[in-house]
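No lab work stands behind these numbers, since they all come straight from the coordinates. If you're wondering where the values come from, they're calculated on a predicted model, not measured in any experiment. Cβ sites come from the backbone with ideal geometry, for glycine too, and all protein chains shown count toward neighbours.
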Amino acid sequence: MKNPIFEQHPDLQKVYVTADGECFYQEADAKNHAKSLKEKAVKVVYNEQFLEVVGEEELDPADEDFKAFEAAEKEKSDAETQKAKLLADFDTETTKYPEALKLFKALGLEAENDKKDTIYPLIVAAKASAQEGVNTQE
């Protein structure tokens, strides 16, 4: 976000902005002002001209944590996609019990027992709920 204050003060590297849009040079001043506001948040806004683009080869070890976080998020997303596909493919007539049990556990569903007569209706309900969610998003 480009802040107009940087046009007036191009040598300024960052400002602290309160919820009402007031800009401060010092964080303490911004926090003191924010005490009088309903929303107390103070946001740091950096002058874009001082930001530099860093190539992957220039990443420091702290940035490696972010890469690990991204990988974990992708893995989680892939797992959710896989669960959604398995749920969409679930059919009470053709899905074998071991696959149904695996899906039941992957979905985090709970029941008094793991018998077919118990878990199949719960999976059907989860499938219907998932399909209903997809239909309302369209």
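What are the ³J(HN,Hα) values, in whole Hz, obtained from phi via the Karplus relation 6.51 cos²θ - 1.76 cosθ + 1.60 with θ = phi - 60°, for each residue of segment 119-126 in sequence order, with x given for Gly and Pro?
Karplus values, whole Hz, x for Gly and Pro: 7, 4, x, 5, 5, 4, 5, 5.
In nanometres, what is the gap between the two model label sites at S36 and K96, each 7 Å from Cα along Cα-to-Cβ?
The answer from the label model is 7.2 nm.
Note the full-extension length gain between D65 and Q26 as 0.36 nm times their separation in residues minus their Cα-Cα distance, in nm to one decimal.
Residue separation times 0.36 nm, minus the Cα-Cα distance, leaves 11.1 nm.
Amide H of K14 versus every other amide H placed in the peptide plane: which residues, excluding those fewer than 5 positions away on the same chain, fall under 5 Å?
N47
Can you work out the Karplus-derived ³J(HN,Hα) for every residue in segment 5-21? Use 6.51 cos²θ - 1.76 cosθ + 1.60 with θ = phi - 60°, whole Hz, and x for glycine or proline.
Per residue, the Karplus-derived 3J(HN,Hα) values read 4, 6, 6, 6, 10, x, 8, 6, 7, 7, 9, 10, 10, 8, 4, 8, x Hz.
Each residue of segment 91-105 in order: what ³J(HN,Hα) in whole Hz does its phi give by Karplus 6.51 cos²θ - 1.76 cosθ + 1.60, θ = phi - 60°, with x for Gly and Pro?
9, 4, 7, 10, 6, 6, 3, x, 5, 5, 5, 4, 5, 3, 6
Tell me the label-point distance for the pair Q49, A125, using the 7 Å Cα-to-Cβ offset, in nm and rounded to one decimal.
Using points 7 Å along Cα→Cβ, the separation is 6.2 nm.
Please work out the Cα center distance from segment 13-29 to segment 76-100, rounded to the nearest Å.
50
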